[in-house]
Amino acid sequence: MADFEGEARASGKRANTKVANRRAILAAARRVFAMIGYEATTVRDIIRATELASGTFYNYFKSKEEVFQAIAEDSTYRFRAHLSDVRARTNSLEDYIEHAFRAYFSFIAEENEEAIKAGAPHIALMGVRVDTPEMLAVAEEIRADLERSLSGDAAVGLDLEYLTAAAIGIAREMGDCMLQRRPVDVEGAARFASGLVLAGGRAMMSR
């Protein structure tokens, strides 16, 4: 019995160490990417920003590209909680779109707050794959939210897949642009993006 308990504790400790090491690598990579830019960053830069050995890094990731994708997926996962909050607080299409854009722009501004204060580059996510499970789940949630926000008659002639893709594309492109401007204007970006999408949606519904 004692041997079994000892093995269980050792197994639990190894699992916790793995989780801690992975988190340490992602946290370090996020800082390095933000401070010197993705293109300039090397795996060695990321390792130096941790207290881990180079061999430990390669137990978790093969390249900086894999680390970058992991950061993006982790961010996407955490953003889903904000999207759920928007869903619970809004009743109309107009409110949902405006609050969803504001939630996203606020989220990425907070994610890059340290780099912005230091006057360093931010983490641009334009190259992030959009076919990962987390990204696909977010897209499906947004499409379902848009469908719920529209009455049956209002949705006639409006392609929800195109609308979803347009909203996500605008958020990604405008978010990157917003982070490059000083001061970072979350409210201005949210108003512009929501106005653009709503105007386009109304134009399509009136045709």
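The values are calculated or read from the model by the stated rules, or taken from the named source; none is laboratory data. Source: prediction; values computed, not measured. When we count neighbours, we look across all protein chains shown, and the Cβ atoms used for this are built from the backbone with ideal geometry, even at glycine. When the accessible area is computed, the model is the full protein with side chains, heavy atoms only, and any ligands, DNA or RNA have been set aside. Shrake-Rupley method; radii C 1.70, N 1.55, O 1.52, S 1.80 Å.
Looking across the stretch 165-207, just one residue is among the hydrophobic types (A, V, I, L, M, F, W, C) and part of a loop (DSSP other than H, G, I, E, B), and that is VAL184. Enumerate the helices (runs of 4 or more DSSP H) found wholly within the stretch 1-112, keeping only those where 1 or more residues are under 21 Å from ARG172 (Cβ atoms). Output list reads 2-36, 64-89, 93-111.
Between PHE107, PHE79, the distinction of being under 17 Å from GLU187 (Cβ atoms) and under 15 Å from the mean Cα position of the chain (by Cα) belongs to PHE107 only. Sub-7 Å Cβ pairs linking a first residue in the stretch 43-64 that is under 15 Å from ALA27 (Cβ atoms) and open to solvent by less than 30 Å² (accessible area, probe 1.4 Å) to a second residue that is charged (D, E, K, R) and assigned to a helix (DSSP H, G or I), at least 6 apart or interchain, are ILE46/LYS64, ordered by first then second residue.
On the basis of being closer than 23 Å to ALA27 by Cα, modelled with pLDDT under 90 and out of contact with any Cys (no Cβ under 8 Å at 6 or more places or on another chain), does ARG129 make the cut?
On the way: closer than 23 Å to ALA27 by Cα: yes; modelled with pLDDT under 90: yes; out of contact with any Cys (no Cβ under 8 Å at 6 or more places or on another chain): yes.
Spelling it out, ARG129 is indeed closer than 23 Å to ALA27 by Cα, modelled with pLDDT under 90 and out of contact with any Cys (no Cβ under 8 Å at 6 or more places or on another chain).
Return yes when SER75 is crowded, with 16+ Cβ neighbours inside 10 Å and either of a type in the set (Gly, Ala, Ser) or at positive phi (or both) and no when it is not. Yes: the conditions hold for SER75.
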